[in-house]
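The values are calculated or read from the model by the stated rules, or taken from the named source; none is laboratory data. All values derive from a computational prediction rather than experimental measurement. For neighbour counting, all protein chains shown are included, and Cβ atoms are generated from backbone atoms with ideal geometry for every residue, glycine included. With ligands, DNA and RNA removed, areas are computed over all heavy atoms of the protein, side chains included. Shrake-Rupley method; radii C 1.70, N 1.55, O 1.52, S 1.80 Å.
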Amino acid sequence: MIVIKTAAEIELMKEACRISAGALKAGGEAVVPGATTEDVDAAVRDYIRSEGAKATFLGYGGFPKSACVSVNEEVIHGIPSRKRRLKEGDIVSIDVGAFKNGFTGDNAATYAVGQIDGRAQKLLDVTREALRLGIAAAKPGNRVGDIGHAVQAYAEENGCSVVRDFVGHGVGRELHEEPEVPNYGRAGHGARLVPGMTIAIEPMLCLGGYEVEVLDNDWTVVTRDGSLSAHFEHSVLITKDGPLVLTVI
Ligand code: MG
């Protein structure tokens, strides 16, 4: 069942989403050459705590940290570690949600560690723009497939592949609600978008093939061919006037 939020619920959710956005920004500011992925997690954790919220991912399905921090060929669900040190030229995807007043936000972005090469920069630019186009398609009367189609068309036109095995989702009281929001699909198909729906749109694009596999830690998803992957995500409210991004500071 797709949960339509009331105006009062949306106000509560906006606060959780604002904190989620602040936590992502704090994590991004910790992405510097020589930092560890644990340092990034600590920045996220401390920010969320300072806002009186809880890290949604901590303990979710047994996940051990506050944020997912995924480096280079890691697509999503990287586990922060003191042993994983960032170096110039890496790209780092941070995915984080904050839970407050019964609601959660969910957002992600990929950051450059110092100077990155042109191919990596292109991947970041294409993924960010694919998210923007996916959000633009999240209008009342459109369908979920219109979002996926917009993301996929732009990604593939620009030489990037779209991960199939993981998708966006409804978000609200639960981190994962209905409907699923794939980053691929057919325009005009799937659930109809109506005002009051809140969804996480989150393209995961790769420079190589879209096939992924899960590492032995049972969490971290990597590209099968070892190519770079990027991930951008916002929590978005469907309004009668169009999409409204909630994960903003
Ligand atoms: Mg998500």
Just order 51-61, 92-102, 161-171, 2-12 by mean Cβ neighbour count inside 10 Å, highest at the front, would you? 92-102, 161-171, 51-61, 2-12
Simple label model, 7 Å out from Cα along Cβ direction - residue 87 to residue 139, nm: 4.8 nm
Can you flag which of 14/122; 14/240; 5/54; 5/122; 14/83 are past 28 Å Cα-Cα? 14/122; 5/122; 14/83
Can you show me the helix-derived [θ] at 222 nm for the chain, built from DSSP H runs with n ≥ 4 at -39,500 (n - 2.57) apiece and divided by the number of residues, rounded to the nearest 500. -9500 deg cm²/dmol
Mean accessible area per residue over the chain (1.4 angstrom probe, all protein chains present, square angstrom) is 42 Å²
Kirkwood Rh (inverse of mean 1/r, distinct Cα pairs), the chain, angstrom: 17.6 Å
Rounded percent of accessible protein surface that carbon and sulfur make up, the stretch 27-136, 1.4 Å probe: 50 percent
Run the simple label-point estimate for residue 240 and residue 215 please: 7 Å along Cα→C-beta, distance reported in nm. 4.9 nm
Looking at the stretch 151-249, which GluC sites (Glu not before Pro) are DSSP coil and have at most 16 other C-beta atoms within 10 Å of their C-beta? 174, 211
Whole-Å distance, taken between Cα centres, linking the stretch 190-220 and the stretch 103-143: 12 Å
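Please give the net charge around residue 117, taking every other residue with its beta carbon less than 15 angstrom from that of residue 117, where Lys and Arg add +1 and Asp and Glu add -1.
Working: positive: 87, 119, 122; negative: 73, 88, 90, 125.
Taking every other residue near residue 117 into account, the sum is -1.
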